[in-house]
Amino acid sequence: STEEKERINVYGTILDCSAPYFMEKTSKYQCTIKLIDDTVYPGVGMKGIPDYITVTLFAKTAAEIPLAGKIGTIIRLHRAQSKKFKGKPQLNCDVNIKGAWVLFDGTDGMTELSKSGKSHTFNAQDRTILKELREFSKKFFSKNELDGITLKEAAKKRPKDFDCLCYVLEIKKKANGETIKVCDADKVVKLDIPTTKGLSLNTHEVVRIRSANYDEKKADTLTLNEYSNILRVPKEYKSAQELLEKVNDKT
């Protein structure tokens, strides 16, 4: 209902999020986020309502871009600019031009995980919004699956920038990052994660790999782009539960 180019404050649940990446055109870092709430989400079933709102955040440094780390993390945007791209609503938030963000855990706590500014207001209305959004998120992720393709399908078709849901089998530390081994119900692959990604993963957890590619030179190996990301998927989510059941059946 917002007018184009209006600046708004908004809360939303993160459905997907890229890693920060540098754009030569703007000389800034940016990331894209798919944001949902109880009015905009996949399967909402209302004509003209999108599955999610795309948010693009801009900053002069990668450190000023939010690192969600987990699907379902809640973000609060301040003074985001409302606009339309190809007829679809979109939000832009530049932390160096009036914009700001705050991250909250998707399940509990009223203290922020991180933020772009030095301080932010937080009152009774914010507490209510956060509580209601968490209730929506819990219901949504317990009933809906995250999109992506299987590793077997990816190995066969070799699509570019594919998304997949995986179980972390092994993590090996290296001087410049980590090498992890992941699997789904049918296949095991490995990939290198540079330290610059700022990720903190553990074995025996479910993750969603965003924008991966198959290495054309190394067997059963995935590669990542600068904007690729790996987000943890809480075990309470339907997608995580189904994958864990499949993996357990194979072992």
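Some observations on this one:
- Test: residue in segment 200-208 that is touching a Lys or Arg at 6+ places or on another chain (Cβ under 9 Å), more than 19 Å from Ile71 (Cα to Cα), surrounded by 14 or more Cβ atoms within 10 Å (Cβ to Cβ) and not β-branched (Val, Ile, Thr): no
- Residues of segment 15-50 classified as within 15 Å of Phe136 (Cβ to Cβ), touching a residue at least 24 places away in the same chain (Cβ under 8 Å) and open to solvent by 60 Å² or more (accessible area, probe 1.4 Å), total: 2
- Among the residues making up segment 101-128, those that are open to solvent by less than 80 Å² (accessible area, probe 1.4 Å), under 18 Å from the mean Cα position of the chain (by Cα) and touching a residue at least 12 places away in the same chain (Cβ under 8 Å) are Trp101, Val102, Leu103, Phe104, Asp105, Gly106, Ser114, Lys115, Ser116.
- Complete set of residues in segment 51-68 that are touching a Gly at 6+ places or on another chain (Cβ under 8 Å), open to solvent by 40 Å² or more (accessible area, probe 1.4 Å) and among the aliphatic types (A, V, I, L, M): Leu67
- In segment 54-72, the count of residues that are closer than 16 Å to Ser18 by Cβ and basic (Lys, Arg) is one or more.
- Residues located in segment 1-14, provided they are open to solvent by less than 70 Å² (accessible area, probe 1.4 Å), at pLDDT 90 or above and farther than 15 Å from Phe140 by Cβ: Ile8, Val10
Okay, residues lined up against (1) of a type in the set (D, E, K, R); (2) in contact with a Phe, Trp or Tyr (Cβ under 9 Å, 6 or more places away or on another chain):
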position: Glu170; (1), (2): yes, no
position: Gly177; (1), (2): no, no
position: Val182; (1), (2): no, yes
position: Asp186; (1), (2): yes, no
position: Val206; (1), (2): no, yes
position: Lys217; (1), (2): yes, no
position: Leu222; (1), (2): no, yes
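- Selection count, segment 134-149, where residues are under 16 Å from the mean Cα position of the chain (by Cα) and of a type in the set (Ser, Thr, Tyr): 1
- Residue check, Thr223 hydroxyl-bearing (Ser, Thr, Tyr) and over 24 Å from Arg158 (Cα atoms): no
- Residue within segment 173-180 that is among the small types (Gly, Ala, Ser), open to solvent by 50 Å² or more (accessible area, probe 1.4 Å), more than 19 Å from Cys17 (Cα to Cα) and more than 20 Å from the chain's Cα centre (by Cα) present: yes
- If the condition is being surrounded by 15 or more Cβ atoms within 10 Å (Cβ to Cβ) and either on the phi > 0 side of the Ramachandran plot or touching a helix residue (DSSP H, G or I) at 6+ places or on another chain (Cβ under 7 Å) (or both), then segment 219-251 contributes Val233, Pro234, Tyr237, Lys238.
- Residue match in segment 79-99 (condition: touching a residue at least 40 places away in the same chain (Cβ under 8 Å), of a type outside the set (S, T, N, Q), buried (at least 20 other Cβ atoms within 10 Å of the Cβ) and under 24 Å from Glu145 (Cα atoms)): no
- If you go through segment 15-50 and keep only what is at positive phi and at pLDDT below 95, you end up with Gly43, Gly45, Gly48.
- Taking every residue in segment 141-163 that is under 19 Å from Gly106 (Cβ atoms) and pairing it with any residue that is modelled with pLDDT under 95 and open to solvent by 50 Å² or more (accessible area, probe 1.4 Å), at least 6 positions away or on another chain, the pairs with Cβ-Cβ distances below 7 Å are Asn144/Gly43.
The values are calculated or read from the model by the stated rules, or taken from the named source; none is laboratory data. As the structure is a computational prediction, the values presented were derived from the model and not from experiment. A quick note on method: Cβ atoms are made from the backbone with ideal geometry, for glycine too, and the neighbour counts reach across all protein chains shown. Note: areas computed on protein heavy atoms with side chains; ligands, DNA, RNA excluded. Shrake-Rupley method; radii C 1.70, N 1.55, O 1.52, S 1.80 Å.
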